[in-house]
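The structure under discussion appears below in the form of structure tokens.
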């Protein structure tokens, strides 16, 4: 019987992706690859019953300024607003869970070379407000009004 080498070559060639505009995709960016590696490490740590808050604080400590300060402030706000949320990391980002589901997370600007930090909420957060509502917020700095709004959002998200 003859080997099916052409099928193997076809499989190797099909790994390249072509978009609708005909350009070949180069795959995941270095930042996306790093986030996936962090998530794999997190899953291993969860399996070993690692302390989520220790992981979260270590992730914050690795951040550059001003991301680190923003993450520390949000961590304090979220813990005070919803003590039932369990801190952990999610794709290397600080996140907070309820019943094993991610409710909200902080994405630092430096992670993906973005212009601003982001406070995001997943579909498990109870923020529904009609047919359309925001689930992610750009953060440049925190004023007293911003802090009050975040506290209210987090409390609503876990209600």
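Can residue 72 be described as surrounded by 14 or more Cβ atoms within 10 Å (Cβ to Cβ) and either at pLDDT below 95 or within 24 Å of residue 158 (Cβ to Cβ) (or both)? Spell out the reasoning first.
Values: surrounded by 14 or more Cβ atoms within 10 Å (Cβ to Cβ): yes; either at pLDDT below 95 or within 24 Å of residue 158 (Cβ to Cβ) (or both): yes.
When the stated conditions are applied, residue 72 passes them.
Need the failing condition index for residue 128 against (1) surrounded by 13 or more Cβ atoms within 10 Å (Cβ to Cβ); (2) within 20 Å of residue 159 (Cβ to Cβ); (3) more than 16 Å from the chain's Cα centre (by Cα), just the number.
Answer for residue 128: the failing condition is (1).
(1) out of contact with any strand residue (DSSP E or B) (no Cβ under 9 Å at 6 or more places or on another chain); (2) under 23 Å from residue 158 (Cα atoms); (3) loosely packed, with under 11 Cβ neighbours inside 10 Å: which one isn't true of residue 92, the others all being true?
If we test residue 92 against (1) out of contact with any strand residue (DSSP E or B) (no Cβ under 9 Å at 6 or more places or on another chain); (2) under 23 Å from residue 158 (Cα atoms); (3) loosely packed, with under 11 Cβ neighbours inside 10 Å, just (3) comes out false.
Does residue 97 qualify as being buried (at least 19 other Cβ atoms within 10 Å of the Cβ) and touching a helix residue (DSSP H, G or I) at 6+ places or on another chain (Cβ under 7 Å)? Spell out the reasoning first.
Numbers: buried (at least 19 other Cβ atoms within 10 Å of the Cβ): yes; touching a helix residue (DSSP H, G or I) at 6+ places or on another chain (Cβ under 7 Å): no.
Against the criterion (buried (at least 19 other Cβ atoms within 10 Å of the Cβ) and touching a helix residue (DSSP H, G or I) at 6+ places or on another chain (Cβ under 7 Å)), residue 97 does not qualify.
From the set of residues in region 100-125 that are surrounded by fewer than 13 Cβ atoms within 10 Å (Cβ to Cβ) and within 21 Å of residue 78 (Cα to Cα), which is farthest from the chain's Cα centre (by Cα)?
That would be 100.
Identify the residue in region 35-94 that is in contact (Cβ under 8 Å) with a residue 60 or more places away in the chain and part of a helix (DSSP H, G or I) and, among all such residues, is nearest to the chain's Cα centre (by Cα).
35
Within region 41-51, count every residue that is modelled with pLDDT of 80 or more and loosely packed, with under 11 Cβ neighbours inside 10 Å.
2
The values are calculated or read from the model by the stated rules, or taken from the named source; none is laboratory data. Predicted model, so just to flag it, every value in this text is computed and none were measured. We place every Cβ from the backbone using ideal geometry, glycine too, and count neighbours over all the protein chains shown.
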